[in-house]
């Protein structure tokens, strides 16, 4: 009976400390799935799993990590088009880094240094949502002509943001070539 009470108390203490410690972290898991068909050649199922993690290192510095995984049931093209159907369709990708770096906030500005995908900053808005993660990438005129770090790959870079009232300014420097080296 004493051992049972001890184990119960130890578990409660561990849960209390664990919950307090986890409150300083931010962890998100997003799952997107699509069923695609052309009503003639067949159908396939495409899945995107994204994990995001953020850990504070102090009052103004955070570590940010995000990864993506893509799985589809068939390699067969349903549409003979470069853009295909989907914004998430890509070859099977067990694990690829989307973000890995440090973000430093000072007043109205922030600077990120590390590995990053361009979609994180420039192509996630209500106006460009149809292009985000598209099969051809960012705007096709950019992704088809320049070696940029576009979905599903990322590259080393630096991103600076400044918010002044209703104005939001941003600039970035990337090495230009995207990789997904964590692929199995």
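All of the numbers you see were taken from the coordinates with simple rules; none came from a lab. All figures in this text were calculated on a predicted structure; none of them were measured in a lab. When we count neighbours, we look across all protein chains shown, and the Cβ atoms used for this are built from the backbone with ideal geometry, even at glycine.
Could you tell me which of rounded, prolate or oblate describes the range 32-116, using a ≥ b ≥ c as the square roots of the eigenvalues of the alpha-carbon gyration tensor, with rounded for a/c under 1.5 and, failing that, prolate when a/b is larger than b/c and oblate otherwise? Prolate, because a/c is 1.5 or more and a/b exceeds b/c. Projected label points at residue 27 and residue 57, each 7 Å from Cα along the beta carbon direction, are separated by 2.1 nanometres. This ranking places 167, 104 by how few other beta-carbon atoms lie within 10 Å of each, fewest first, which gives 167, 104.
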